[in-house]
1. Could you tell me which numbered condition residue 202 fails, if it satisfies all but one of (1) assigned to a strand (DSSP E or B); (2) of a type in the set (Val, Ile, Thr); (3) surrounded by fewer than 17 Cβ atoms within 10 Å (Cβ to Cβ)?
2. How many of the residues in segment 38-61 are crowded, with 19+ Cβ neighbours inside 10 Å and of a type in the set (S, T, N, Q)?
3. Quickly run through segment 130-143 and pick out the residues that are out of contact with any strand residue (DSSP E or B) (no Cβ under 8 Å at 6 or more places or on another chain) and more than 9 Å from the ligand (Cβ to nearest atom).
4. Among the candidates 24, 9, 69, single out the residue that is touching a residue at least 24 places away in the same chain (Cβ under 8 Å), within 23 Å of residue 125 (Cα to Cα) and buried (at least 20 other Cβ atoms within 10 Å of the Cβ).
5. Of the residues in segment 84-101, how many are in a helix (DSSP H, G or I), more than 15 Å from residue 73 (Cβ to Cβ) and of a type outside the set (Lys, Arg)?
6. Of everything in segment 77-98, what is surrounded by 21 or more Cβ atoms within 10 Å (Cβ to Cβ) and in contact (Cβ under 8 Å) with a residue 60 or more places away in the chain? Give them in sequence order.
7. Picking from 104, 116, 147, 74, which residue would you name as being assigned to a helix (DSSP H, G or I), touching a residue at least 12 places away in the same chain (Cβ under 8 Å), away from the ligand (no atom under 13 Å from the Cβ) and hydrophobic (A, V, I, L, M, F, W, C)?
8. With respect to residue 127, determine if the residue is out of contact with any strand residue (DSSP E or B) (no Cβ under 6 Å at 6 or more places or on another chain), surrounded by fewer than 19 Cβ atoms within 10 Å (Cβ to Cβ) and closer than 27 Å to residue 57 by Cβ.
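Here, each number is a calculation from the coordinates, and none is a lab measurement. Quantities reported herein were computed from a predicted structural model and do not represent experimental measurements. Don't worry about glycine lacking a Cβ; one is built from the backbone with ideal geometry, like all the others, and counts go over all protein chains shown.
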Amino acid sequence: MAVGKFITLEGGEGAGKSTQVKRLAQALSDDGLTVVTTREPGGVPNAEAIRDLLLATREDPWDPMTEALLHFAARCEHMARFIRPAMDRGDWVISDRFADSTMAYQSYGLGVARPAIEALYRETMGAFHPDLTIILDLPVEDGLERAAGRGITADRYESMGLDFHNRLRDGFLDIARREPDRCVVLDARPPVDDISEKLIATVRDRLESGHD
Ligand code: Z5A
């Protein structure tokens with residue numbers, strides 16, 4: 001049976017993931033592949049319900065471990081009801097964020113121990129990993145400025161301070177250093193078209209050559 005591929009886009013606020021997910025999906029569809037796009041937290045109704053809990057501004061913030069558990073709970077629903085069935089059909093799945101965001105935000109950002117996040121991953125995802133992860137890297141100030149420029153109210157994560165966002169950026173770069181076979185870092189500062197060109201070429205080069 002055909003098994004599709006799973007590609008994730010990661011990065012801090014305003015890095016351009018949503019913009020690039022659409023462009024990558026179009027390019028791969030043009031190559032004749034069946035492509036579906038999704039996002040985390042969310043992607044299916046049960047996970048979107050958890051997303052609403054997570055992104056709402058709260059007087060009494062979640063304990064960081066609770067937050068990590070909620071992200072993994074959403075991910076379990078997403079995996080069982082969307083990602084796995086799509087891949088079993090042979091679709092290529094592109095997700096705007098996945099588990100590297102939990103490592104970056106809840107561990108590097110909020111202090112949950114790395115082994116705890118790794119254990120949650122193993123228990124919930126087993127040996128499953130993205131085929132390719134693109135990390136869009138951008139100076140924090142630029143990303144927050146772009147996110148603010150969208151004209152919608154900042155969510156709970158966007159409202160956290162510069163130190164938090166710098167830890168995230170360092171966290172994503174560290175994840176890429178630890179897993180160079182899976183992760184590619186792209187500079188997210190150039191114009192949208194230039195980034196798309198590089199990103200699409202990277203995906204074609206890494207994943208399409210062996211595809212039948
Ligand atoms: N989170 C977590 O803590 N733990 C987890 O496990 C997971 C997530 C999975 C989800 O929010 C939040 O959940 C997220 C992490 C946390 N934190 N926040 N906030 P979200 O999905 O609503 O937000 P986001 O993922 O950060 O997306 P974003 O802020 O919308 O950014 P983006 O998708 O990377 O960027 P964009 O929407 O494509 O672009 C932003 C703006 O910049 C837009 O106006 C574009 O037109 C513009 N843009 C894009 N590219 C460029 C370039 N190259 N040049 C100039 N302008 C550009």
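1. Residue 202 satisfies every listed condition except (1).
2. The total comes to 1.
3. Within segment 130-143, 139, 140, 141 qualify.
4. After applying the criteria, what remains is 9.
5. Qualifying residue count for the region: 5.
6. Passing the criteria: 83, 92, 93, 94, 95, 96, 97, 98.
7. 116
8. When the stated conditions are applied, residue 127 does not pass them.
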